[in-house]
Amino acid sequence: MFHRILIANRGEIAVRIIRSCREMEIETVAVYSTADADALHVKLATRAVCIGPAKAGESYLNMSAILTAALETGCDAIHPGYGFLSENAEFADLCQQCGLKFIGPSGDVIRKMGNKSAARDLMRANGVPVVPGSDGPVASAEEALEIAEAIGYPVLIKASAGGGGRGMRRVDAAEDLPALYASAQAEAVACFGDGELYVEKLILSPRHIEFQILTDGQGNVVHLGERDCSIQRRNQKLMEESPSKALSAELREAMGDAAVRAAQAAGYQSAGTVEFVLDHDGNFYFIEMNTRIQVEHPVTEFVTGLDLIREQIRIAAGLSLSVRQEDVRQTGWAMECRINAEDPTQGFHPSPGKVEFLHLPGGPGVRVDTALFNGSELSPWYDSLAAKVVVYAPTRLEAIRKMRRALEELIIEGFPTTADLCHLILYQPDFVKGRYDTGFLEQHMDELLKWDCEGNQ
Ligand code: ADP
């Protein structure tokens, strides 16, 4: 087992990783930018090293500073968390070259899955259903037009290097395509330095269903069931739950099998997520594979009783999975709300600031992952996730009630957050019935913002 792990991240996920390391009696080295000198992950780690100024490009994305810190502090592995360098194939390769174990899949696998268009082709070739669309990338707007005509509108233009919903455009009619193609390309170049695009049919009002998989170096692959991440704003997740109301036992098995096939096709090793969209007729289609730990992993931890960070570390250390597929049991119901420093009444505009007062919910079945504390600063330099409130109960209705109660206990003073909006969603009748899709929030936003906190219109 590793002796000392450097955590190449910050915020709640760095804290989360430190917790598992402590339980495994592994020392931790935190890295931090000058903006994070007082951050919680710095206080909780065994040691901490400043790696540069606030700007992520010069600190949390600064590969040589991070590798130097790991080598100088005698680390034997690096956990990248999510975001930042977590899906950077070059960084994974460099870790290996420096004799440091990258806690994640190999650089080659990250590269293979990081190009979403190439990943689609690989999945299709291995019998995993993909959304109808282009074979590989498209070379021009004209080619995209031809494909759109063939598969029918509406379509999505997507960036092969895409992530975070960027470089993605919905196209409803041929005459709109050239301009939307150009703007998707410009955004993809600006965000990812890569303008390659591909075309997919837009599945109308789908659910976003993803499967957590674990794969070790001995060829064992298991899936840990699904997460329903259909409560989204601007194609970005806000609330997640496991299991999903949309899956029958048969559908769960079919999608789980497809997720395992996807992991095998990728030659995957570590924890990963296979994302699908599910249409109203029960057809599911692969959209992408995320080669890292996900923000929403705690819901899977609750329903399976597994510690996914621990599993990642064990796999990276060459140990075999601690579970077999037949041992995996999904029990009860888990739900997560992302409490972002964003103002839902202002188009989810980021609203970072100082935490004037903080009170976190607790009690049975409530987990809060956050790096905030009284008097801390939610930095404007990084993402706006302030806390994840996660609950676990025997049934979905009890999980909803527990989450309502948990959000009522939560107090974050100092900046607006998405907490009240999540609270209102928990009273929305379609949500309570489990009848929702990725269009839910946009459809109900105006109505929800008019509600008071008791959920009465
Ligand atoms: P990113 O990696 O940029 O987040 P994804 O491919 O994961 O992009 O898609 C983000 C979200 O966009 C999905 O969760 C889903 O809501 C929506 N989406 C993606 N592809 C499709 C599709 N073909 N049809 C309908 N919705 C889609």
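For the charge dipole of region 132-201, defined by +1 on Lys and Arg C-beta atoms and -1 on Asp and Glu C-beta atoms about the Cα centroid, which residue among Ala161, Tyr198, Pro132 has the Cα displaced farthest towards the positive pole? The residue sitting farthest along the positive end of the dipole is Ala161. Peptides 46-52, 118-124 ranked from most to least packed, by the mean per-residue count of other Cβ atoms within 10 Å: 118-124, 46-52.
Between Leu71 and Thr34, what is the FRET efficiency for a Förster distance of 25 Å, r being their Cβ-Cβ separation, to the nearest 0.05?
Once rounded, the FRET efficiency stands at 0.70.
For Asp327 and Ser140, the FRET efficiency from 1/(1 + (r/R0)^6), where r spans their Cβ atoms and R0 equals 45 Å, is about 0.35. Modelled spin labels at Leu360 and Val189, positioned 7 Å past Cα toward Cβ, are 4.5 nm from each other.
When 1/r is averaged over all different Cα pairs and the result inverted, which Kirkwood radius in Å belongs to the chain? Across the chain, the inverse of the average 1/r is 22.6 Å.
Determine, for each peptide in 352-362, 369-379, the mean count of other beta carbons within 10 angstrom over its residues, then list the peptides with the highest first.
369-379, 352-362
Dipole magnitude for region 4-103: about 220 debye, using +1 per Lys or Arg Cβ and -1 per Asp or Glu Cβ, origin at the Cα centre. Each residue of region 97-103 was assigned a 3J(HN,Hα) from its phi angle through the Karplus curve 6.51 cos²θ - 1.76 cosθ + 1.60 (θ = phi - 60°); the sequence is 4, 8, x, 10, 7, 7, 7 Hz, with glycine and proline shown as x.
Summarising the label geometry, the points placed 7 Å from Cα in the beta-carbon direction at Arg405 and Ala317 lie 3.7 nm from one another.
Only Lys, Arg, Asp and Glu carry charge here, each on its Cβ (+1 for the first two, -1 for the last two); on that basis the chain has a dipole of about 1020 debye about its Cα centre. Projecting the Cα positions of Pro350, Cys229, Gln443 onto the charge dipole of region 207-454 (unit charges on Cβ atoms of Lys, Arg, Asp and Glu, taken about the Cα centre) puts Cys229 furthest along the positive direction. Normalised by the number of residues in the chain, the mean separation of alpha-carbon contacts (under 8 Å, six or more apart) gives a relative contact order of 13 percent. Placing +1 on each Lys and Arg Cβ and -1 on each Asp and Glu Cβ, with no other charges, gives region 353-457 a dipole about its Cα centre of roughly 480 debye. Restricting attention to the chain, close to 80% of DSSP beta bridges with both partner residues there are antiparallel. For region 250-276 versus region 395-410, the inter-centroid distance based on Cα atoms is 30 Å. In this structure, the pairs whose alpha-carbon distance is over 31 Å, taken from Lys158/Lys388; Lys245/Lys354; Lys388/Lys450; Lys101/Lys354, are Lys245/Lys354; Lys101/Lys354. Mean residue ellipticity, 222 nm, helices only, the chain: the sum of -39500 (n - 2.57) across DSSP H runs of n ≥ 4, divided by residue count and rounded to 500, is -10000 deg cm²/dmol.
Using the Cβ of Gly375 as centre and a radius below 12 Å, the other residues enclosed give a net charge of -3, where K and R count +1 and D and E count -1.
FYI, it's all coordinate maths here, none of it is from the lab. Just so you know, these numbers come straight off a predicted model, no measurement behind them. Every residue, glycine among them, receives a Cβ derived from its backbone with ideal geometry; neighbour counts consider all protein chains shown.
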